[in-house]
Each structure stands twice: as C-alpha cells, then as structure tokens.
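Presented below is the structure to which this report refers.
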Amino acid sequence: MRKRSPEFKRAMAAYDADDGAQAFQLMETCAEAGEPMACAMAALWCQKGEGTAVDPERCAHWIERLQALADDGNLEAQWELSCMQRWGDIVSLDIRIANHWLERAAKGGYGEAQHLLAWYYQTGQYGYPVDLSKANAWYEKAFALGNPETLYLFALREFLDGKPTEAAIRLLKQAADKGFSQARYVLEDFGY
C-alpha cells in the first residue's frame, strides 16, 4: 500500500464525514500535484457527481492527467490505469490495455502489479495462459519487494499440518505491519 499525502488523507476524512465538496476540493489539489490515486478518485467523483456536479469533461481531464503520469513512467499511475481498464468503472473496459499497463507497472517494480500478474498467470485469467513458471517468477519479484499480499501467500505456504511455523509467523507479521488485514486476522486466530 502506498503512502498517501496528508492532503489526500484530509480529503478522504472529509469524504468519510460526508463533506463531499471539501473532499472533492482537497482531492483535486492532490490530483493537480500529480498523485495518481487522487487523479483516479477525482475522475470517479466527477463521473458520479460526488462532491461536485457530474462533469464528463472534468472526469476526462483527470483521466488524461493520470495517463500523462503513466506515460512518464509513474508506476502507481500505470497500476491505476490498469485497474480502470480492467474493471471498466470509469473508462470502457479494455483487457488488452489493462494488461499493457499491468505489465508495465510490474516490469517497473510495482509490487501489487507483480502479485496480480503472478495470480493471472497462475489462474489463466484475463487473457494470460496458465504458466506456473511465470507465475512463480512474478511472485518471487513481488515477495522481494515485500508486497503484503505476497508475504501473506508465502506465509500460508509455510504452514505445517494446518499450523503456522516460525517462518509463517514472521511473514504474517510483516504482512500485517504493512496493513494486510487478513494476515492480522490469521495471527489473532493463532494467538499472536
């Protein structure tokens, strides 16, 4: 999980407090500063009319800003574009473009993208063939970066007879420290 700016956190706090106008104003400030997640959120809110009137032109502006960040090599922006294209919630669903941005982010060293690309190779989803060798290679890269979901997956691989080994506990703690709640739940279930 990426660190968010104090301004972004204030925007989300305003949103959670049902102050949509303040949330939108703060989110646009973050987007203008080049925060990829803020560009995605501002686009979504413009599309849905949250904190502002529905504004397709403004939505397109923030998507273009996100695209420019991605084109300039911003890995988080590449990740966000991949998600947008894969789910079709802000832009039209386009798996080919989604895969393009996912692969760029993964090759650039973005842990979440590496983990998801590994999963797609493992399960044969979204146009990727089942290829366990590639899946394992991408999981290893995500693990080396300390991606919390990958740490969790590797922790589960360390269980013995349904119980966590010391290696599993260590990995679960690392994942939990990085905010991966499933790891925290497993640790609590086993008394840690």
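Quick notes
- Lysines whose Cα lies under 22 Å from that of Lys173, excluding same-chain neighbours fewer than 8 positions away: Lys3, Lys141, Lys163
- Maximal additional length on extending the Ala60-Lys107 stretch stands at 14.2 nm, based on 0.36 nm per residue less the C-alpha distance.
- Three-way shape call for the chain based on the alpha-carbon gyration tensor, with the a/c threshold at 1.5: oblate
- Take the Cα radius of gyration of region 146-192 and divide it by 2.2 N^0.38 Å, N being the number of residues; the result is 0.96.
- Modelled this way, with points 7 Å down the Cα-to-C-beta line, the labels at Gln25 and Ile97 are 3.3 nm from one another.
- Full extension of the chain segment joining Thr123 with Leu145 gains 5.7 nm, where the gain is 0.36 nm per residue of separation less the Cα-Cα distance.
- Label-to-label distance, Ile169 versus Asp16, with points set 7 angstrom from Cα along the beta-carbon direction: 3.1 nm.
- Extreme residue, positive dipole direction of region 146-192, given options Leu187, Leu160, Leu171 (C-beta unit charges): Leu171
- Theoretical FRET efficiency, 1/(1+(r/R0)^6), r = Cβ-Cβ of Ser133 and Asp177, R0 45 Å, to 0.05: 0.90
- Cross-link partners of Lys134 among lysines (Cα-Cα below 22 Å; sequence separation of 8 or more within a chain): Lys107
Throughout, read-outs are computed from the coordinates displayed, never taken from laboratory work. In this text the structure is predicted, and so the values were computed from the model without any measurement. So basically every Cβ, Gly included, is an ideal-geometry build from the backbone, and we count neighbours across all protein chains shown.
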